[in-house]
Amino acid sequence: NDGCHFCKMTIVDKVHAAEIVTNKGKVYKFDASECMINFLNEFEDFSEIELYLTNNYTEPEVLIDATKATFLISENIPSPMGAFLSAFKNKVEAEKMLAEKGGKLYTWDELLVHLKD
């Protein structure tokens, strides 16, 4: 079992996990997208990061490019660290879940700003 690089919890949720891969192939694993984003505050050289990956909510264990994902924050979808944050491969899937569960949609860049506030 892998542990989250940020919060050190064991990664068990296959719907919300995330990863950063560096140019040199080093992989940082996280139990939730919010841990990956919080870890960025500690990362020194962003040019070393090759990929930001997150699990696609509608296809557990399938990693997608976080910078191209649509994120939903909905209090009706718990995530491991309590941010209620889920990622979707495309906006259509995210909008379907938004209609069903409520909440607010974010792009990667919007999410980075929102979580720093």
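Quick look at the values:
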| quantity | calculated |
| --- | --- |
| Residue, nearest to the chain's Cα centre (by Cα), within region 12-53, restricted to residues that are closer than 20 Å to L111 by Cβ and of a type in the set (V, I, T) | I37 |
| Strands (runs of 3 or more DSSP E) wholly inside region 1-85 that include at least 2 residues being of a type in the set (D, E) | 59-65 |
| Given (1) open to solvent by 60 Å² or more (accessible area, probe 1.4 Å); (2) of a type outside the set (V, I, T); (3) at pLDDT 95 or above; (4) outside any helix (DSSP H, G or I), index of the condition E95 fails | (4) |
| Residue that is closer than 25 Å to K26 by Cα and at pLDDT below 95, where the choices are F88, F43 | F43 |
| Residue tally, condition open to solvent by 80 Å² or more (accessible area, probe 1.4 Å) and in contact (Cβ under 8 Å) with a residue 40 or more places away in the chain, over region 66-80 | 1 |
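Residue-by-condition table, conditions (1) of a type in the set (G, A, S); (2) over 20 Å from N1 (Cβ atoms); (3) touching a residue at least 60 places away in the same chain (Cβ under 8 Å); (4) touching a helix residue (DSSP H, G or I) at 6+ places or on another chain (Cβ under 9 Å):
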| residue | (1), (2), (3), (4) |
| --- | --- |
| N38 | no, yes, yes, yes |
| E50 | no, yes, no, no |
| I64 | no, yes, no, no |
| K89 | no, yes, no, yes |
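The values are calculated or read from the model by the stated rules, or taken from the named source; none is laboratory data. Just so you know, these numbers come straight off a predicted model, no measurement behind them. Neighbour counts are summed over all protein chains in view; Cβ atoms, including those assigned to glycine, are modelled from backbone coordinates with ideal geometry. Heads up: the accessible areas ignore ligands, DNA and RNA and are worked out on the full protein's heavy atoms, side chains in. Shrake-Rupley method; radii C 1.70, N 1.55, O 1.52, S 1.80 Å.
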